[in-house]
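The values are calculated or read from the model by the stated rules, or taken from the named source; none is laboratory data. What you see is a predicted model, and the numbers here were worked out from it, not measured in a lab. Backbone-built Cβ (ideal geometry, glycine too); neighbour counts: all protein chains shown.
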Amino acid sequence: MSSPLPLSRVRVQRIAESAVERARLSVVPRLDPHAPRVPFVTLVSLLLVAGVVGLLLFNTTMQQNAFANTALEKQARELSDRQQGLQMELDELRNPQRVAEKAQELGMVPSLNPAFINLSDGTILGNPVPAKAEDGIDVRPPEAKKPAELDPAPLVIKVPAQPEASADTDPASPDRDAAAGSNDSSSNDRGDRSSQ
């Protein structure tokens, strides 16, 4: 019988030889040290220009959206103000006091004996009597009068009239010039006193 040990040696030796053959180095041709750089520089430049243009377009779009937003907010405020004004006008038109006054102006009077119709069988409940103009009630509130404390009698003050200037006095008379000169000297005297 043969021993298995030599067989394994042969197998290991064959594997080692095949590994050595595969591991042999071969000469690789050198790369050209002067590889063209133009495509790389062009690519980087294009990416840079595209980024700047994209940023400018994004910024412009954001500014346009901001202006549109401002215009829409202004329009919303105007519409809100208009809606509030219309709501106030509607509330004023629905005011029961105003409706009653308008009805009275049109000659309508409230009915003192109303009648009701039962819809299930069509019977009339109550004694309907037509309203008359004499039955009308003045729905307008009475006119408010001011209390005496708030409405005092007017106070009239008479001022005596000034005597009119005579026609013989000339505005450029020497008396006026002398008076003006005395005023000038008094102011000069004050100036002299302050310098002493």
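Which of the residues spanning the stretch 108-130 are farther than 21 Å from PRO141 by Cα, surrounded by 10 or more Cβ atoms within 10 Å (Cβ to Cβ) and not hydrophobic (A, V, I, L, M, F, W, C)? Once the filter is applied, which keeps residues that are farther than 21 Å from PRO141 by Cα, surrounded by 10 or more Cβ atoms within 10 Å (Cβ to Cβ) and not hydrophobic (A, V, I, L, M, F, W, C), the stretch 108-130 yields ASN113, PRO114, GLY126, PRO128. Of the set (1) surrounded by fewer than 10 Cβ atoms within 10 Å (Cβ to Cβ); (2) under 51 Å from the mean Cα position of the chain (by Cα), all apply to THR70 but (1).
Please work out which one of (1) hydroxyl-bearing (Ser, Thr, Tyr); (2) modelled with pLDDT under 80; (3) surrounded by 10 or more Cβ atoms within 10 Å (Cβ to Cβ) is the condition SER2 fails and give its number. The one condition SER2 does not meet is (3).
Taking residues in the stretch 104-115 that are assigned to a helix (DSSP H, G or I), and partners anywhere that are of a type in the set (A, V, I, L, M, F, W, C), the pairs with Cβ atoms closer than 7 Å and at least 6 places apart or on different chains are GLN104/VAL139.
The single condition among (1) loosely packed, with under 10 Cβ neighbours inside 10 Å; (2) part of a loop (DSSP other than H, G, I, E, B) that GLU134 does not meet is (2).
Of the residues SER120, SER182, the single one that is at pLDDT below 80 and hydroxyl-bearing (Ser, Thr, Tyr) is SER182.
What residue, of SER120, SER111, SER80, is among the polar types (S, T, N, Q) and within 42 Å of the chain's Cα centre (by Cα)? When all the criteria are applied, what remains is SER80. Set side by side, the residues GLN75, GLN97 differ, and just one is over 22 Å from ILE137 (Cβ atoms), out of contact with any Cys (no Cβ under 7 Å at 6 or more places or on another chain) and surrounded by 10 or more Cβ atoms within 10 Å (Cβ to Cβ), which is GLN75. With respect to GLU105, is the statement that it is loosely packed, with under 10 Cβ neighbours inside 10 Å and acidic (Asp, Glu) true? Spelling it out, GLU105 is indeed loosely packed, with under 10 Cβ neighbours inside 10 Å and acidic (Asp, Glu). The set of residues from the stretch 26-50 being surrounded by 10 or more Cβ atoms within 10 Å (Cβ to Cβ) and of a type in the set (Gly, Ala, Ser) comprises SER45, ALA50.
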